[in-house]
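Enquirer: First the structure, then my questions, so here it is.
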Amino acid sequence: MEFIQSGRKTQSLAMVNESSQPVISVVIPTRNRPQIVVRGVKSALSQTLQSIEVIVIIDGPDQETVNALCKIGDPRLRVIELLKNIGPSGARNTGVREAKGTWIAFLDDDDEWLPQKLQLQLEVANNSNYDFPVVASRFISLTPKGEFICPRRLPKLSEPLSEYLFVRNSFFKGEGCIQTSTIFVKKEMMEKMPLEEKFYRHEDWEWLLRVSAIKGVGVEFVPEAMAIWHSEMGIKRLSNVNDWKYSLDWIRSIRNLVTRKAYSGFIATIVSHSASLVGDWRAFFPLLWEAIRWGKPRPIDICLYLTIWLIPQNIRQQIRSVLNKNPIT
């Protein structure tokens, strides 16, 4: 393992073999979750593809995480501890700059990979007709209500990415999505189009929508589930924070990157979901008007909107677990 503090090498526990250039650099941002990040790091180091490096960016001083990672005796692991907290996008961008591989694979610290994930994604990328393929995969969503495979469907030919991500054609979420821990992309692309550091949520969606509009970029999928997304109780994730006003401001700021149908879909499901969870009924009519004024809502969007507000989340989850469970085989 190589340990670096804020870009300056201060301690070397096991020198990386410089003559063995990694093909893929895995970038994992983390802070103050030592046992969880160790689980994710071990899943990355257990890949069938061996020509990799795993770069953990500790987003601010965190000696406990440094100590936990020091116990992993693998020369492919590099740990970089930043002197101050810069946020998840900044931490990922730092990892990209430090990467030695041709390809970048992102992994959230509280997620895991199945062993063949990188191998299968590299095969898809090498066979792609795009100059800069963005390769994702399905993933296993572990929730208190059960295990689900997401997304339930892959993008249709010529389907706008914003509509794939935000437009729902059923009453159950997980129909179309791309999870950060499944993103696999060329380092060259990440250097040209880094993550936007001003966003502390939805930054992966913004990046995907921005790069998908560039000539030579295309999204492709490994159809199998290759990652495990943990949604256990007690694990705090930024994606679970219910800040509906932030989400509303975010979608307004990138309205030029989404279709009108996608705009109304985002308001009707994601923003309304956050607002309803905190019981902010003052937002009910303003958000509905936002979807109508700037979007293009369909009858199912209105039905979803009313369902989210009028039926408690625990009841919706119970219905989903009975009617929409995707058993893991």
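The values are calculated or read from the model by the stated rules, or taken from the named source; none is laboratory data. In this text, all values refer to a predicted model and were calculated from it rather than measured experimentally. No Cβ is skipped: glycine too gets one built from the backbone with ideal geometry, and neighbour counts run over all protein chains shown.
Enquirer: For the structure I just gave you, tell me whether Glu191 is assigned by TED's automatic domain parsing to the domain that holds Glu220, closer than 17 Å to Val23 by Cα and either assigned to a helix (DSSP H, G or I) or among the β-branched types (Val, Ile, Thr) (or both). If you could, list the steps in order and put the result at the bottom.
Expert: Working: assigned by TED's automatic domain parsing to the domain that holds Glu220: yes; closer than 17 Å to Val23 by Cα: yes; either assigned to a helix (DSSP H, G or I) or among the β-branched types (Val, Ile, Thr) (or both): yes.
For Glu191, the condition - assigned by TED's automatic domain parsing to the domain that holds Glu220, closer than 17 Å to Val23 by Cα and either assigned to a helix (DSSP H, G or I) or among the β-branched types (Val, Ile, Thr) (or both) - is met.
Enquirer: Only residues that are in contact (Cβ under 8 Å) with a residue 12 or more places away in the chain and acidic (Asp, Glu): list them for segment 139-192, please.
Expert: Residues satisfying the conditions are Glu147, Glu163, Glu175, Glu188, Glu191.
Enquirer: Within segment 53-89, track down each residue that is within 20 Å of the chain's Cα centre (by Cα) and crowded, with 20+ Cβ neighbours inside 10 Å.
Expert: Here is the first cut: in segment 53-89, the ones within 20 Å of the chain's Cα centre (by Cα) are 53-59, 85-89.
Those that are within 20 Å of the chain's Cα centre (by Cα) and crowded, with 20+ Cβ neighbours inside 10 Å: Glu53, Val54, Ile55, Val56, Ile57, Ile58, Asp59, Pro88, Ser89.
Enquirer: Then there's this: For the list (1) surrounded by 18 or more Cβ atoms within 10 Å (Cβ to Cβ); (2) modelled with pLDDT under 95, I need the number of the one condition that Ala262 fails.
Expert: For Ala262, the exception is condition (2).
Enquirer: Does any residue of segment 118-130 turn out to be in contact (Cβ under 8 Å) with a residue 40 or more places away in the chain and acidic (Asp, Glu)? Spell out the reasoning first.
Expert: Pass one, segment 118-130, residues in contact (Cβ under 8 Å) with a residue 40 or more places away in the chain: 118-122, 124-125, 128-130.
Still in the running and acidic (Asp, Glu): none.
No, the conditions are met nowhere in segment 118-130.
Enquirer: Going through segment 240-281 one residue at a time, which ones are in a helix (DSSP H, G or I) and β-branched (Val, Ile, Thr)?
Expert: Step one: of segment 240-281, the residues in a helix (DSSP H, G or I) are 240, 244-253, 255-257, 260-277, 281.
Those that are in a helix (DSSP H, G or I) and β-branched (Val, Ile, Thr): Ile251, Ile267, Thr269, Ile270, Val271.
Enquirer: All but one of (1) farther than 25 Å from Asp111 by Cα; (2) buried (at least 17 other Cβ atoms within 10 Å of the Cβ) hold for Tyr130, so report the exception by its number.
Expert: The single condition Tyr130 does not satisfy is (2).
Enquirer: Also: Does Arg168 fit the bill of being of a type in the set (Lys, Arg) and touching a Gly at 6+ places or on another chain (Cβ under 7 Å)? Give the derivation first.
Expert: Numbers: of a type in the set (Lys, Arg): yes; touching a Gly at 6+ places or on another chain (Cβ under 7 Å): yes.
The answer is yes for Arg168.
Enquirer: State yes or no: is Thr269 within 17 Å of Glu159 (Cβ to Cβ) and either polar (S, T, N, Q) or assigned by TED's automatic domain parsing to the domain that holds Leu165 (or both)? Spell out the reasoning first.
Expert: Numbers: within 17 Å of Glu159 (Cβ to Cβ): no; either polar (S, T, N, Q) or assigned by TED's automatic domain parsing to the domain that holds Leu165 (or both): yes.
So Thr269 fails the test.
Enquirer: Applying the selection to segment 169-188, what residues are modelled with pLDDT of 95 or more and part of a loop (DSSP other than H, G, I, E, B)?
Expert: As a first pass, look at segment 169-188 and keep what is modelled with pLDDT of 95 or more: 176-188.
Gly176, Cys177, Ile178, Gln179, Ile183, listed by residue number.
Enquirer: May I pose another question? Residue by residue through segment 150-182, note down the ones that are over 15 Å from the mean Cα position of the chain (by Cα), hydrophobic (A, V, I, L, M, F, W, C) and farther than 22 Å from Asn256 by Cα.
Expert: Leu154, Phe171, Phe172
Enquirer: Looking at (1) surrounded by fewer than 19 Cβ atoms within 10 Å (Cβ to Cβ); (2) in contact with a strand residue (DSSP E or B) (Cβ under 7 Å, 6 or more places away or on another chain), find the lone condition where Thr143 falls short.
Expert: Going through (1) surrounded by fewer than 19 Cβ atoms within 10 Å (Cβ to Cβ); (2) in contact with a strand residue (DSSP E or B) (Cβ under 7 Å, 6 or more places away or on another chain) one by one, Thr143 breaks only (2).
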